[in-house]
Each structure stands twice: as structure tokens, then as C-alpha cells.
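In what follows, a single structure is set out as C-alpha cells and then discussed.
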Amino acid sequence: MSAADSPTSTHPDSRPPDSAIRLSFRPTSKLISSTRRFAGDVLGSVLRDPDSASRIALTIHELLENTLKYSLDGQALLEVSVGNEEGGRRRVEVTARNRATPEQANDLGRRIHALSQAGDPMALYVGMMRESAQRSGSGLGLARIRVEGEMVLSCALEGDAVIVSAWTAAE
């Protein structure tokens with residue numbers, strides 16, 4: 001593995017992961033579902049808590065679906081890393097990268113900021129579910145990651161690349 005291929009983290013306090021999966025592919029719905037099952041199986045063997053593995057697999061599915069849906073070139077890069085934290089818990093981070101327009105990137109940043117600042121993420125999620133029936137691109141997948149996946153979301157820009165990270169502590 002070259003230095004360019006080594007797993008990285010967007011979390012400032014993170015150490016190199018103990019385990020990592022890195023996938024890059026062109027979109028199909030079959031690959032998204034297969035990737036969720038594959039990652040869920042791998043996480044199930046690394047984590048002690050099956051609910052944590054399931055929540056993280058949901059996050060992988062939602063990030064891939066959205067990353068591929070809104071990609072300018074139909075490509076995405078997904079990285080899942082698992083590291084140790086104090087107290088026997090594991091830090092799991094899912095990072096998805098694609099190319100997006102500046103408008104898409106700004107919209108994504110606003111949505112993630114709103115989710116991270118929400119006093120009651122569940123109330124925001126329920127409101128978004130009501131609104132999503134009328135329109136596409138509602139941010140519902142991000143809300144699912146925040147609420148159902150119990151993940152902390154962040155995003156960053158590198159040129160025309162958008163990087164979305166979701167992380168949690170799991171057992």
C-alpha cells in the first residue's frame with residue numbers, strides 16, 4: 001500500500017485505524033446494497049455489538065447512495081476505518097468522497113450544519129420526513145445517518161471534491 005492509498009481520517013484527534021476498508025467504484029444500486037451487506041459482515045466480526053454494526057452499515061448505504069446520486073462524474077470513494085478508543089470502545093468513521101458543483105457542496109454544508117446544531121435531531125428528522133414526500137434532495141439520508149445511525153457528521157471541500165464523514169464510538 002502506498003502512502004497515497006493509506007487510510008486517512010478527517011477527525012483531528014484520530015490515530016491511524018486498526019482496521020480499514022477502502023472501496024472505489026462506479027454506481028449501481030446493486031453495488032450499494034452489496035457494499036452495505038459486505039461492510040455489515042466485516043463490522044459484525046470487528047465489533048461486539050450487532051446493533052452498532054447495523055447502524056454503521058445503514059450509514060454506509062445512505063452515504064453511498066447520496067454520494068453516487070449527486071456525483072458529477074458518477075464515481076465515489078468510500079472509506080471505513082475502525083480504531084481503538086479508551087474504555088474498550090471503537091471509533092468507527094465512514095468517509096465518502098465525490099465531485100460536486102459548488103451549489104451542491106454549499107447545500108450539503110448547510111444541511112450537515114443544521115443537523116449538527118439541532119437541539120432535537122429527532123424532531124428535525126421527523127419534519128424532514130414530512131417534507132421529503134413532496135420533493136427530492138431533502139437531506140433525509142443525512143438525517144437518517146445522524147438520528148438512526150447515531151453518527152456525528154461533518155463535511156469538507158478539497159477543490160471540487162466533497163468529503164462527508166460520519167463517525168461514532170461503538171462496541
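Just so you know, all these numbers are worked out from the coordinates, no wet-lab data involved. Fair warning: this is a prediction, and the values are worked out from it, not measured in the lab. With ideal geometry, Cβ positions are generated from the backbone for all residues, glycine too; neighbour counts draw on all protein chains shown.
Things to note:
- In order through segment 36-52: 3J(HN,Hα) via Karplus (6.51 cos²θ - 1.76 cosθ + 1.60), integer Hz, x for Gly, Pro: 4, 5, 4, 5, x, 5, 5, 5, x, 8, 9, 9, 7, 9, x, 5, 4
- The equivalent ellipsoid that matches the C-alpha gyration tensor of segment 33-93 spans semi-axes of 24, 12, 8 angstrom, in descending order.
- Length gained when the stretch Glu158-Asn84 is fully extended (0.36 nm per residue, less Cα-Cα span): 23.9 nm
- Projecting the Cα atoms of His61, Gly149, Pro50 onto the charge dipole of segment 18-170 (Cβ charges, centred on the Cα centre) puts His61 farthest toward the positive pole.
- Normalised convex hull volume, segment 18-170, alpha-carbon set, Å³ per residue: 115 Å³
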